[in-house]
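Read through the structure below, which is laid out as C-alpha cells, and then see the notes.
Just so it is clear, none of the values below were taken in a lab; they were calculated from the coordinates. This structure is a prediction, so every number in the text was calculated from the model and none was measured. Cβ sites come from the backbone with ideal geometry, for glycine too, and all protein chains shown count toward neighbours.
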C-alpha cells in the first residue's frame, strides 16, 4: 500500500493544475531560449573574429563581460520579480535578451557587439531568477526538486537548439542571421504575460519592499546562509566553466600539448553527447534531491564529478573518452537543478527572486575567472593536466555544502517571512501548489 502510494506520488505531473503547467512551460521555454541566445555567440565567434578583424582575447573579454552583466541582471530583475511580479519580470527579461540578441546581429564592430552582449547578459541573468521563483511557488514542496529539474533540463535543449540554428542558418545566410533568429523569444513574452498568473504565495505576500529595504533583508536576515550559498555556487560553477569551456580545445589539441589530437571529432558530435549526459544529470538530480535531500544530492554529484575529471583526462580511445565525458557531464552539470529548490526554500517570499538571482548570477560572474585560470595553467602544465585541477572546485563545493548548507527538503513556501518546514513524507496529501498558510509568529525555524 505504502509502496503504491509512493510510486503514485513520484509522478509529479499527475493531477497538476492548468496554472501549474503554464508556469512550468513559461519557465522551461524562457530558460531554453535564454540559453540559446547566450550560446549562439560561442557558436559563431570564429566568423565574428574574422569579419571584424579581431582576436580571441577580445572575443573572450566580450564573453566574460556578458557573464558579469548577467550578475547585474540577476539582481535587477530579481528585485523586479519581488516588486512587480514573477511573470512581469520574466516578460521584461525575455524582451531584454531578445532585443540584445538582435543588436548583436546588427553590430558593426566589437565595441557595438560588446554593448549588445551586455544587454543580452542583463536579460539572461534576470530570467532564471524570475522563472525559478514562479515555478517553486506554484508547484508543491514534495515535487519541487523534480519540477525544477525538468525546467533546468531546458539548458540542454537551448544549447542543442543554438547548435542547430547555427548549423542551418550560418552556412546559408551568414552569422548575423543566427542572431536575428535569436529574437524569436520575444513572442514568448506575450504568451507569458497573457496566460501565466502570478503565484498565490507572491500575491499574498503583502508589502512590496523598496530597493534599499530588499537589499537590507537579503543581506541581514541570515547573512551566513547567503554567504554559504554564494560560495558553494561560485565553487561549483568554477568547476563547470573551468572544465567545460576547455573540453573542445582539449580534444582537438595535439598530444604534444597535452590534448587528445582528435581533430576529426566534430564539434556537433561532442555537443550532442555532452548535452545528452547533461540532460540526464539535470533531471536525475531533482529525483535524488526530493528523495534523499538537497545536501546529500549536492555532495554526491560534486564528489562524483570530481572523480570523473581525472578519469576523463587519463582514459584512451575516442569511444571511451566520449562515454566518460557524458558521465562527467551528468554529474558535473546536473547539480544546477538543485539551485532553484534550495534557494527558494532558504529565503523569504519578499526577496526570494532577488536572492535566487543574486546567488546564481554572482556565482556565474565569479566563475568567469575559471576559464582564464585553466588557460594560464595549460601553458605550463598542458591542457589535460590544467583541466584536471577543476576537480578541486567540485570538492570545495562539496565541503561547503556538507558543513554549512542547511537542509530544506519538504519546506513549504508561504506568504509570510518565515517558511513552513515539513518533511517530504509528511507533506499534505492533496496535490496543490497553493500556500499552506503562514507560520505562527515566533515558531522555530527548521534550519
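Tabulated results
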quantity: Alpha-carbon centroid distance for the pair segment 127-172 / segment 273-348, whole angstrom; calculated: 16
quantity: Å³ per residue enclosed by the Cα convex hull of the chain; calculated: 138
quantity: When the convex hull of its Cα atoms is projected in every direction, mean area for segment 18-204 (nm²); calculated: 10.1
quantity: Peptides ranked, highest mean first, by Cβ atoms within 10 Å: ranges 187-197, 338-348; calculated: 338-348, 187-197
quantity: Highest-MSF residue in the chain out of 117, 176, 294 [GNM, Cα springs under 10 Å]; calculated: 176
quantity: Packing-based order for 85-92, 160-167, using average beta carbon neighbours within 10 Å, highest first; calculated: 85-92, 160-167
quantity: 0 to 90° range, to nearest 10: angle between helix 352-366 axis and the chain longest Cα axis; calculated: 20
quantity: Cα gyration tensor category, rounded, prolate or oblate, for segment 102-252 with a/c compared to 1.5; calculated: prolate
quantity: Ranking of 401, 119, 351 by count of other Cβ atoms within 10 Å, fewest first; calculated: 119, 351, 401
quantity: Crossing angle, helix 185-195 versus the chain [Cα axis fit, 0-90 degrees, rounded to tens]; calculated: 10
quantity: Average silhouette area of segment 214-407, convex hull of alpha-carbon atoms, in square nanometres; calculated: 10.7
quantity: Rg [Å, one decimal], Dmax [Å, integer] - segment 318-407, C-alpha atoms; calculated: 16.2, 50
quantity: Estimated [θ] at 222 nm from DSSP helical runs (n ≥ 4, -39500 (n - 2.57)) normalised by residues in the chain, nearest 500; calculated: -24500 deg cm²/dmol
quantity: Highest-MSF residue in the chain out of 42, 64, 256 [GNM, Cα springs under 10 Å]; calculated: 256
quantity: Cβ crowding within 10 Å averaged over residues, with 14-20, 242-248 ranked highest first; calculated: 242-248, 14-20
quantity: Between 0 and 90°, nearest 10: helix 86-106 axis offset from the chain longest Cα axis; calculated: 10
quantity: Shape call, segment 265-307: gyration tensor on alpha carbons, a/c limit 1.5; calculated: oblate
quantity: Among 406, 211, 140: highest mean-square fluctuation, GNM of the chain, C-alpha pairs under 10 Å; calculated: 211
